[in-house]
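Notes follow the structure.
The values are calculated or read from the model by the stated rules, or taken from the named source; none is laboratory data. The model shown is predicted, which means the values in this text are computed figures rather than measured ones. When we count neighbours, we look across all protein chains shown, and the Cβ atoms used for this are built from the backbone with ideal geometry, even at glycine. The protein model used for the area step is the full one, side chains on, heavy atoms only, and it has no ligands, DNA or RNA in it. Shrake-Rupley method; radii C 1.70, N 1.55, O 1.52, S 1.80 Å.
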Amino acid sequence: MAINPPVDATKTEAWAELQSVYDQMQAEGVDLKKWFAEDENRVEQLSFDAGTLHFDLSKNLIKPEMLKVFAQLADEVKLAERTEQMYTGVHINNTEDRAVLHTALRRPAEDEGKYVVDGQDTVKDVRETLERMYAFAEQVRKGEWKGVTGKEIDTVVNIGIGGSDLGPVMAYEALKPFADAGIKARYVSNIDPNDIAEKTRDLDPETTLFVVVSKTFGTLETLTNAREARAWLLEELQASGAIDGSDASKSEAVEKHFVAVSTNLERVAEFGIDPKNAFGFWDWVGGRYSVDSAVGLTLAIVFGPARFEEFLNGFHQIDEYFRNTPFEKNVVVLMGMLNVWYRNFFKVASHAVLPYDQYLHRFPAYLQQLTMESNGKSVRWDGTPVTCETGEIFWGEPGTNGQHAFYQLIHQGTQLIPADFIAFANTPNPLKDGDQDMHELLLGNYFAQTKALAFGKTADEVRAEGTPEDIVPARVFTGNRPTTSIMGVRLDPFALGELIALYEHITFVEGTVWGLDSYDQWGVELGKQLAKEITPAISQDDDALAAQDESTRSLINFYRKVREF
Ligand code: F6P
């Protein structure tokens, strides 16, 4: 089915209405304190629940009546139609001519037969792969899958990059308290040789399993690291006499210590990994949308199939909520529209995501790929230029660490930085410090920060504290710095699935308003191509060096001069 050209959001009635609301706000002044005082139902009208997550949007620079305008914008850009197209497998990733079906990865088995796309029963295939993955994970967890010398596996090393790394490592870190089989995971991604060197340095090859993850199985970093890992395994096993060095013993070692995850099983076989030890997925799963496919194999091993199922159910919960909730009450849609509001009217450049949960310390990095690889674009899905700013810079660090680093700029800097504050009511580690629960100290900070950002501190309040007059300006907080508070019950696999799906769909909402194909990533290709061309020039090929531009040549010459090997 051909897709229609995007609607130009900037030409819609809702956009004009948002512009006039914005102009009026600028004329009257943005004043959260006043807006709270004038409307006793503000918090109620701007609070939402989706799945197990609770949302407070009241500290954003909007009035409740604007939700209608956000919903109207969603209508006018045909969000419902595009959502249905995505869920049902229309090729909305038109620049790659692919369906976008990450929602099929978390559908229940009852949906088999209902989502047949391009002749494939997507749910059936997903469930079959999951069953294979789970059977393998159980074998490893129970110690039935043995290394070449008969020892049980105690460490799985995921080799992948981008979507084949960021999701799995983020979820591994987030769910560590649920690791119940005594198996640890490590994640190697960078082509910098120090990454794999550090991650393998203290490992026992006899108890290590490598999981090579690459959607294309053609990514330079991953294939290079996988070769390096294979060489390390075989050298170490030979050096200790665990294998005799014959071709047969080497291929048996590779068979026992390497599995792969990819959409390209031929390339997996070419690499030397037995296809029976490979787990597939499909081109309708984007790399940055793939943690809930076989790409999450290390998670299924470390946490077990039951937990992995809970993770999938969390995603599905939000998928259904997003698809079925009217726009005006749909917090996923509203958060996407809030981002548009800030990006296109307030012209903000960045958006902070601040988890008050140390287990989520890789979540901002994960979101950077999800959001910026999806929406960092200047042309729309029909090839025409965008008509407004797109893709904010997403960034963040866990609170409270960030408070002692960059919050100064969020509180008192000259730019507006909308921020999502994420926290969970319960923690698996209720550590006590005397009578004070550290978790409540953390939450105290979580609540305090959004309050300080919203309501600030006036010069009079500063003076009333006895501050000398010349210092007063430096101690004033303007307030009116927007935040969204997200609270969950506990960070478990279900909630993590919900959180990821939330941001996946927010990204989709923004992309739809801007008219983007959020599922391609052509912008990463030029650098890859040039790296291939330049690499020979670095050490020996003088002709290749001569072909470079002056700056690149000068940098390479500096490198050649100072290198010590
Ligand atoms: O270069 C970007 C990218 O294509 C990402 O979109 C992707 O997640 C990553 O590289 C890794 O790709 P692959 O899984 O094919 O190795």
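Below is a table of values for the structure above.
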read-out	value
Solvent-accessible area, 1.4 Å probe, carbon plus sulfur percent, for the chain	51 percent
Of all DSSP beta bridges in the chain, antiparallel share, percent nearest 5	35 percent
Cross-link pairs beyond the 29 Å C-alpha cut-off, checked among Lys199/Lys561; Lys215/Lys347; Lys184/Lys256; Lys11/Lys63	Lys199/Lys561; Lys215/Lys347
Accessible area per residue, Å², region 103-303 with all protein chains present, probe 1.4 Å	39 Å²
Accessible area in square angstrom per residue, region 406-565, 1.4 angstrom probe	52 Å²
Sites Lys432 and Asn313, calculated FRET efficiency, Cβ-Cβ separation with R0 30 Å, nearest 0.05	0.35
Assigned charges on the beta-carbon of Lys, Arg, Asp, Glu; the chain dipole about Cα centre (debye)	420 debye
Angle in degrees between helix 550-562 and the longest Cα principal axis of the chain, rounded to the nearest 10	60 degrees
Radius of gyration, Dmax [region 1-144; alpha carbons; angstrom]	22.4, 70
Region 167-254 shape via C-alpha gyration tensor axes, a/c threshold 1.5	oblate
Acute angle (nearest 10 degrees) that the helix 13-28 long axis makes with the longest principal axis of the chain, alpha-carbon atoms	60 degrees
Cα centroid separation, region 322-374 to region 207-247 (Å)	38 Å
Label-point separation, Ile3 to Thr207 (7 Å along Cα→Cβ), nm	4.8 nm
Mean ellipticity per residue at 222 nm, deg cm²/dmol - from DSSP H runs of n ≥ 4 across the chain, formula -39500 (n - 2.57)	-13500 deg cm²/dmol
Cα centroid of region 115-171 to Cα centroid of region 386-445, whole Å	33 Å
Cα-based helix-to-principal-axis angle, 79-88 vs the chain, degrees rounded to 10	20 degrees
Residues Glu28 and His54, FRET efficiency given R0 of 25 Å [Cβ-Cβ distance, rounded to 0.05]	0.25
Listed peptides 245-251, 56-62 by packing density, highest first (mean Cβ within 10 Å)	56-62, 245-251
Prolate/oblate/rounded call for region 41-91, Cα gyration tensor, a/c under 1.5 rounded	oblate
For the chain, diffusion coefficient by Stokes-Einstein and Kirkwood Rh (Cα), 10 °C, 1.306 mPa s, µm²/s	62 µm²/s
Cα gyration tensor of region 113-213 - equivalent ellipsoid semi-axes, whole Å, descending	28, 19, 13
Computed lengthening from Val43 to Ala547, 0.36 nm per intervening residue step minus Cα-Cα distance	175.2 nm
Cα pair distances of region 382-457 binned at 10 Å [whole percent]	14, 39, 25, 15, 6, 2, 0
Prolate/oblate/rounded call for region 293-360, Cα gyration tensor, a/c under 1.5 rounded	oblate
Convex hull projection area averaged over all views, region 103-303, Cα basis, nm²	11.1 nm²
Dipole in debye (nearest 20) - region 103-303, about Cα centre, beta carbon charges: Lys, Arg +1; Asp, Glu -1	320 debye
